[in-house]
Each structure stands twice: as C-alpha cells, then as structure tokens.
Amino acid sequence: MNGFKNWSVIPARTWRIRQADEGDGWLKIPAIPIPVGELAPAEVQEKAVQPALEKAPEVPAQKAVEVTEEPKVEETVEAAEESKVEETVEAAEELEVEETVEAAEEPKAEETVEAAEEPKAEETVEAAEEIPEEPAQEEEVSVQDEEPAPVRPDPDAFQRRLDQRYDELKWLYCELYHGDMAAFDYFVQMLRRCWAQRKDALRLQDQRRENDPDWYRRRDLLGMMLYTNAFAGTLKGVEEKLPYIQECGVNYLHLMPLLESPKGRSDGGYAVSNFRRVQPELGTMEDLESLADACREKDISLCLDFVMNHTSEEHEWARKARAGEPGYRERYFFYDNWDIPREFEKTVPQVFPTTAPGSFTWLDDCKQVVMTNFYPYQWDLNYANPVVFNDMTENLLYLTNRGIDVIRLDAVPYIWKQLGTTCRNLPQVHTLVRMMRMVCEIVCPSVLLLGEVVMEPAKVVPYFGSPEKPECHMLYNVTTMATTWHTLATGDVSLLRHQMDTVCALPRDFLFLNYLRCHDDIGWGLDYPWLKEHFGTDEVTHKKYLNDWFTGKWPGSDSRGELYNDDPRLGDARLCGTTASLCGVEAADYEKNPFKLERAIACDLMLHAWMLTQSGIPVLYSGDEVGQLNDYSYHHDGEKWDDSRYIHRGNFQWDLAHMRHDGETRQGKQFMGLRRLEQIRADEPAFDARADVWTFDTGCPHVLGVGRWYQGRKLIAMFNFSDQFVTASSWEKGPYRELVYGGDFDDLGRVELFPYGFVWMLHTED
C-alpha cells in the first residue's frame, strides 16, 4: 500500500516490531490498552481494547477513576441515560440519579436504620411525634458528624491576615506612589469592603486552602482551557456540560475571556469594556457565579483571564478620557503631539509589527495621541497613577468574589511604562504583582495568581518572587512548549534536553503550567544562540523551515497549520493549528491513509505523554482530547477572517465526542488513550511535583530520556520524536515494569520504540 512495507506487532511486552509476511498492509502501532472495567461504559468495553494487546501482561490495578457521563444532550448509553456521573464498571450500580435499592440503603441525611425508612421531606410534626426520641437524636447527631467544614467562617480572618502583611504592603505602596497615604488608606478600606462582600462558602474555602497551602500541587490536577461560546454556547451551557468535563478528568477549568468587549474590536475578548459584566450572548454575571458554585461543588477550580494592561476604547474610563473629563486621561497615556510617543517608540518593541505597527494611535476626534501597545482599540493603563491600581485591584476582587479560583494575569510584563526603556519586565512590575499577591492572601487566600509571561523559564523566574516575598503562584512553561514542536519538526532532541536541564535546575517550589496548544499562536522564541553554537543554525532560516514544516510545505510533512503575523521583512511568523492537525491527523483523514493515521495518533499521544511527564500542572486545549482538527470556516467570517488564530478556536465538535468510547475510531483511541495516561500519572507517586527530575543520554538523537525519583520510586521515560523505528538505552539498573503497555524488564540496555513511541518504566526500591 502506497509503497509501505507490511508490518505487524509482535506482543507489546517485547517492544519489538518486525517486518511480517502477512498483515493489514500498513503499520500497526499498538494502541494504549484500556483495562477492562475502567474509563469506558460496559456496552463499549470490548471495542475499547485492541485485540493485539489483549494478551499483554496485566497492568497493576489502578485506583478507580470516576468518569462522568456525556452531557444530557448526548446521552447515548442506555444504562447511564439519567446519570449525572458515570462510575467505573465496579461502581456502576451506584449512579447518582438512579436511586436503586442498593443506592437508597444509605442516604446521606438518614444514617440510622429507623430514620432511613422515613423520607426527610415527609417529616411533619405529626410524624415526628411517632418517632422515638432516641433515634431522632441519633439522626441529628449523624447529620452534624457529616459536616466537613466549620459551620461559620472566622470573623477575624481579615484583620489577622492584614496585620501580618500591613507593614510590607504599606512600604511597597508608598514607595511606588511617593508616600500617597490618602490613596493607601482608600486602598485598605477597599480591601476591607471586598472581604465583607465575600460569601461564607468562599470564606470557608479560603480557610481550608489556607490550612493546606500546597493544595494546587497535587499530581492529579489536570487543566483544560476553552471558549465558552465554542464549547457550549453560554455559561449555562458550560454548567450543563460539567459531567463531560469531569469525564475528561479535568479539575482545573480555564474559561477564555468572557467579559464584555466590543464586537469586531475585541481581540478575542482581550479588549475589555466592562470588568463587571459578561458578554451578553454568553450570559450574565449571575450565570458565571452559578457556574463557579457548581464547579466548587465538584472540586473543579475555575480560572478566568484578568486583562490588566489595557482596556477597550469603549470602556467607561476611555470614553470619559476621550471626552476630556477631569481625571480620566491620567488613567492612560495621553499626549498633545507625537514628540514623547516617538521617543518611546525608539526603545519599545512592536507587539504586532504587521497587523498593528507602532505603539501609539492618533485620536482624530480629540486631537490626542494615546498609547496602544497591542491594537489601536486597546488603550494602555497608567499604573503610575494609584487610582488605576486601586480600581483595577477592586475589579479583580469583584471577580474572585464571584467564585473565580485562579486569576490569569494577562500580559503582566507590560504593565509599567517608563521612557527610555523597553517597557517590559521593569522592577515596578514586580512591586505591583507582589502587592496583588498580598491582596489575595488578605482578602481571598484560596485564589491563585497565574502569570502570562512569554519568556524562557530562566527569565520568568523573577515572577515567582522569592520564598519570603512570593509573587505569582504559577507561570506558563512557554518555551518548553515551543521547543517541543521544534523537536517534532527536526527529530532532534538536543535543544529540548538542554531546555529541560534548565527547568530541572530550578527550585521545585516553582510550579509551571505545561501545555501543547492553547488559544494563542506558537511563537518561535527558541534559544538561537545555543542552536547557533552547537549546530550553526541561522535564526531566520530555521524559523522559515519550522513554518514550512508545520504548514505542510516541506517535503514529507503531514502537518497542517497556518501562519500568524507573517512579517516577510524579518522572515518571521508565528504558527496556528490544533494539536491533531499539526501531528498529521488531518492529512491522514483527508487521504484516508491508515498508515498515516496510526502514526499521527501515536504522535499525538506521545506528545501528551511527554507533557504529562513534566512537573507541574498539565493543561489540555478543549477538543484535543478527541483529536479535533483545524476549523477553516473563519476565512468566511467578516469579524475573524484576518486572524488565523481562529483556525484552532472553532466550535467544539460534539459529534466527535460521541465516538470517544469506541476504540475502533481515532476519537476513541485518542480519548481513552489519553485518559489512561492521565490516570496513571494521578496514581503514580513518581509524578509528584516534589520529585527529582533529570534528563539522560539515550544513545539516539531522536529519543528524549527523562528520569523521575520520589520516595523510592524511579520512573524512566523515553520519547521517540521521529517517524522511524529506533533503539534507545539507559544505564539505570532494574528491574522495571512498563506502566502503559505492561511488561517486566531486567534492564533498559536496549529499548526498541516504534515511530513516535514512548515508554514509562517504573522501578521500585524494596
């Protein structure tokens, strides 16, 4: 077939793949086995396991993971049509909404035998008289014993937290704002007012997480980012789809920008016109709060973007500034002429040199120049004005009081401007972030700050602060993401290993969010000095190669992506596309080529396994769990056609999700394979964030070797970034047990990997 040899799989435990005399005519890459009884409904379990792998060694019993049923509009499995949460096969008899005899024997509110016979709703005064006094008392005590949290929050918590941080907060504030005590006093009173508005459920969560400060470092945390409209239409729709999100194993949900912004000039929601209103077509602030409450009940942390560098030109402050109302132009950077703006532009890099060149915009109606580092309709805020900081902090706390658990600080390195500098990463930025961290610790200590800092890990470190004076709780591992795709295009792991060595050298307290794709483009901000030193790589030439590869222009490439912000003058451009399309699934689907499809699925799952192997919180991009492909419909949308990022921002394809439990489909292979990997990670202590992590030489330039050790458990992982059969090795002493496919190994001196294959080898010290 198509000139390819016939290949078949020798039992998976041997990790050897040979040329066969007979076969299906294409490469059969072993699918990730799903143990019977886990992850999939009973009706489709047989289809979920690949026949070639049924004889593989039994995978050690893993902790059962509750898998939620499909959303109401998609309930296709007869046995679970009325279920909110679909359990594993062993626990399937206890579905939440199917109150069978077994499920009804132990109702939460009716613990005693006598009380269980009387439904709570029927406990009238007359019925109560017929119930013996002692059982009634036992029922009351039983209900009290079930309360997991304090009945009432600590009323003195705010003052205690403020007293602990007051001196430093005052010192930083007054240093930044030249001793303006009036502004500081207003600031403190604003914090007190916001705490008073915080409801008891959130205060109780604050207390629990304050007592468990490492709650967000659990290895079972799994994130997902999504657009509300693309995923479910509205916020109410997202709330209805929470069972599906739970089924994906997600307990950290990032909702992309959803606050009010002008249509056609929203920059994907990052041009906010009102920080206290939801975009009308998505719902209301009450809907957002309801969703947050529902997420909290299901132990899902909710993340929301906070665009703090700028506002939309339609924001109330901007409209008043344009009209010349006193005090409002001081909230931005307004100038009567171009003299000072031109001085700024001598040192400030352009963010969008092709689509929005320059850093200032002339306003013809009021004859003023205003700073606009991003797009002309996004006006930069002046944080040298304490009124801006005070009011923006109150906007942030307004969102946290709606139940938001994680605040993503958008474009945080840009928020302080100073003439004669790049206006990036200035010392005052860290002062602002440090104060925001203390604000959260005082008012809402259960809330985390996630910084969007697009630089290599070594340079983002300052945004973590120090152990004594922390800033952001978490940061994005942006460069490792970009280097991962570089490695896929080149097939050489040298730069990725160098990158990981840098990450591994950082303190383990530093927590990164790891991802393959997100709402944004992929920028090729690689370590070009290192590449030039070791390989003689030219930056411009290499960027063109990467873009040609991932747009399918390079011979032999099956990637399908599009360029963003292409700048022919600089030979620079960024890349857009979904994970599946960039891995070759789209091309294989189009060509109906089973060889390419098996290889592309293997590539997709290998990259996800690599993401899961890194320390930190892994985050999926919605749709990647079912292999969603590029959406080219944006080309015909008048509001989106000029922004290629919409190629991977298409509507969630629920028809694909319907197939996620069918192991004969690519969607099933990707969904169930990924869920299996996520489950292994959650169960295995070697993936703990506190583990020692290192890289090692595998003897093969295509294979990345990563080791992890924690409390006597050692994990050796190998990842083949090539489309070839390769042999890799490690000098680590055994014995080892392979966690995904099964099998025991005395040593790792010779490990044979199929194209885009990987292994997770575990050694335990007795």
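If I filter the stretch 412-434 down to residues being in a helix (DSSP H, G or I) and over 25 Å from the mean Cα position of the chain (by Cα), which single residue comes out as farthest from D200 (Cα to Cα)? Walk me through it before giving the result.
Start the filter on the stretch 412-434 by keeping residues that are in a helix (DSSP H, G or I), which leaves 412-414, 427-434.
Those still in the list that are over 25 Å from the mean Cα position of the chain (by Cα) too: 427-428, 431.
Numbers: P427: 37, Q428: 35, T431: 31 Å.
Within the stretch 412-434, the match that is farthest from D200 (Cα to Cα) is P427.
The set of residues from the stretch 625-656 being among the hydrophobic types (A, V, I, L, M, F, W, C) and at pLDDT 95 or above comprises V626, L629, I647, F652, W654.
Within the stretch 164-195, restricting attention to residues that are closer than 13 Å to E394 by Cα and without any contact (Cβ under 8 Å) to a residue 12 or more places away in the chain, which residue is surrounded by the fewest Cβ atoms within 10 Å (Cβ to Cβ)? Selected residue: Q189.
Could you tell me whether T537 is part of a loop (DSSP other than H, G, I, E, B), among the β-branched types (V, I, T) and more than 24 Å from the chain's Cα centre (by Cα)?
Numbers: part of a loop (DSSP other than H, G, I, E, B): yes; among the β-branched types (V, I, T): yes; more than 24 Å from the chain's Cα centre (by Cα): yes.
Answer is yes for this residue.
Here is a yes/no grid of residues against (1) closer than 28 Å to H498 by Cα; (2) surrounded by fewer than 23 Cβ atoms within 10 Å (Cβ to Cβ); (3) of a type outside the set (D, E, K, R):
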| site | (1), (2), (3) |
| --- | --- |
| T537 | yes, yes, yes |
| W554 | yes, yes, yes |
| A588 | no, yes, yes |
| K592 | no, yes, no |
| F595 | no, yes, yes |
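Identify the residue in the stretch 640-664 that is assigned to a loop (DSSP other than H, G, I, E, B) and without any contact (Cβ under 8 Å) to a residue 40 or more places away in the chain and, among all such residues, is nearest to S266 (Cα to Cα). The residue in question is K640. Filtering Y621, Y564 for residues that are modelled with pLDDT under 95 and more than 23 Å from H498 (Cβ to Cβ) leaves a single hit, Y564. Within the stretch 393-405, one or more residues are touching a strand residue (DSSP E or B) at 6+ places or on another chain (Cβ under 9 Å), among the β-branched types (V, I, T) and crowded, with 21+ Cβ neighbours inside 10 Å. Being among the charged types (D, E, K, R) and farther than 21 Å from T764 by Cβ is the requirement here; does R676 meet it? No; evaluated as a whole, the condition is false for this residue.
Being surrounded by fewer than 20 Cβ atoms within 10 Å (Cβ to Cβ) and over 20 Å from N547 (Cβ atoms): is that true of Q653 here? Explain how you work it out, then say what you get.
Numbers: surrounded by fewer than 20 Cβ atoms within 10 Å (Cβ to Cβ): yes; over 20 Å from N547 (Cβ atoms): yes.
For Q653, the condition - surrounded by fewer than 20 Cβ atoms within 10 Å (Cβ to Cβ) and over 20 Å from N547 (Cβ atoms) - is met.
Only one of Y383, Y375 is within 21 Å of P262 (Cβ to Cβ), hydroxyl-bearing (S, T, Y), at pLDDT 95 or above and assigned to a loop (DSSP other than H, G, I, E, B). Can you tell me which?
Among Y383, Y375, only Y375 is within 21 Å of P262 (Cβ to Cβ), hydroxyl-bearing (S, T, Y), at pLDDT 95 or above and assigned to a loop (DSSP other than H, G, I, E, B).
Going by what's in this entry, would S581 be described as under 29 Å from the mean Cα position of the chain (by Cα), assigned to a helix (DSSP H, G or I), surrounded by 17 or more Cβ atoms within 10 Å (Cβ to Cβ) and of a type in the set (S, T, N, Q)? Considered against the rule, which asks whether it is under 29 Å from the mean Cα position of the chain (by Cα), assigned to a helix (DSSP H, G or I), surrounded by 17 or more Cβ atoms within 10 Å (Cβ to Cβ) and of a type in the set (S, T, N, Q), S581 comes out as yes.
Tell me yes or no: at least one residue of the stretch 731-741 is touching a residue at least 60 places away in the same chain (Cβ under 8 Å), touching an Asp or Glu at 6+ places or on another chain (Cβ under 6 Å) and either in a helix (DSSP H, G or I) or within 21 Å of P33 (Cβ to Cβ) (or both). So that I can check it myself, show each step before the final result.
Taking the stretch 731-741 first, the residues touching a residue at least 60 places away in the same chain (Cβ under 8 Å) are 737-741.
Next, only the ones that are touching an Asp or Glu at 6+ places or on another chain (Cβ under 6 Å) stay: 737.
Pick out the ones that are also either in a helix (DSSP H, G or I) or within 21 Å of P33 (Cβ to Cβ) (or both) and you get 737.
Within the stretch 731-741 (the criterion being touching a residue at least 60 places away in the same chain (Cβ under 8 Å), touching an Asp or Glu at 6+ places or on another chain (Cβ under 6 Å) and either in a helix (DSSP H, G or I) or within 21 Å of P33 (Cβ to Cβ) (or both)), the answer is yes, since at least one residue qualifies.
Considering only the stretch 471-490, I want to know if a residue exists there that is within 24 Å of N382 (Cα to Cα) and assigned to a helix (DSSP H, G or I). For the stretch 471-490, residues within 24 Å of N382 (Cα to Cα) and assigned to a helix (DSSP H, G or I): absent.
Mind listing whichever residues of the stretch 237-268 are modelled with pLDDT of 95 or more and at positive phi? Walk me through how you get there before you give the answer.
To start, the set of residues in the stretch 237-268 that are modelled with pLDDT of 95 or more comprises 237-262.
Listed by number, the list holds a single entry, G249.
Looking only at the stretch 322-352, how many residues end up being in contact (Cβ under 8 Å) with a residue 40 or more places away in the chain and either touching a Cys at 6+ places or on another chain (Cβ under 7 Å) or over 28 Å from Y227 (Cα atoms) (or both)? Residues flagged as in contact (Cβ under 8 Å) with a residue 40 or more places away in the chain and either touching a Cys at 6+ places or on another chain (Cβ under 7 Å) or over 28 Å from Y227 (Cα atoms) (or both) within the stretch 322-352 amount to 14. When M371, M392 are checked against the criterion of being within 34 Å of the chain's Cα centre (by Cα), among the aliphatic types (A, V, I, L, M) and not assigned by TED's automatic domain parsing to the domain that holds R217, M371 stands alone in meeting it.
For L575, the criteria (1) modelled with pLDDT under 95; (2) not in a loop (DSSP other than H, G, I, E, B) hold in every case but one, which is (1). In the stretch 625-639, the residues that are assigned to a loop (DSSP other than H, G, I, E, B) form Cβ pairs under 7 Å with partners that are among the acidic types (D, E) and surrounded by 20 or more Cβ atoms within 10 Å (Cβ to Cβ), at six or more places apart or across chains, as follows: G627/D604; L629/E586; N630/E586. Among the residues making up the stretch 623-645, a single one is surrounded by 23 or more Cβ atoms within 10 Å (Cβ to Cβ) and closer than 15 Å to N229 by Cα: G623. Cβ-Cβ contacts under 9 Å between residues 6 or more apart (or on different chains), taken from a first residue in the stretch 221-236 that is at positive phi to a second residue that is crowded, with 20+ Cβ neighbours inside 10 Å, are listed as G233/L282. Taking into account only those residues within the stretch 495-534 that are among the aliphatic types (A, V, I, L, M) and in a loop (DSSP other than H, G, I, E, B), which is nearest to L674 (Cα to Cα)? If we take residues in the stretch 495-534 being among the aliphatic types (A, V, I, L, M) and in a loop (DSSP other than H, G, I, E, B), then L516 is nearest to L674 (Cα to Cα). Across the stretch 665-714, the number of residues qualifying as part of a helix (DSSP H, G or I) and either over 19 Å from I245 (Cα atoms) or hydrophobic (A, V, I, L, M, F, W, C) (or both) comes to 11. Regarding P257, is this residue touching a Gly at 6+ places or on another chain (Cβ under 8 Å) and not in a helix (DSSP H, G or I)? Yes: the conditions hold for P257.
The values are calculated or read from the model by the stated rules, or taken from the named source; none is laboratory data. Everything quoted here is computed from the prediction, not taken from an experiment. All Cβ positions, even for glycine, are placed from backbone atoms using ideal geometry, and neighbour counts span all protein chains on display.
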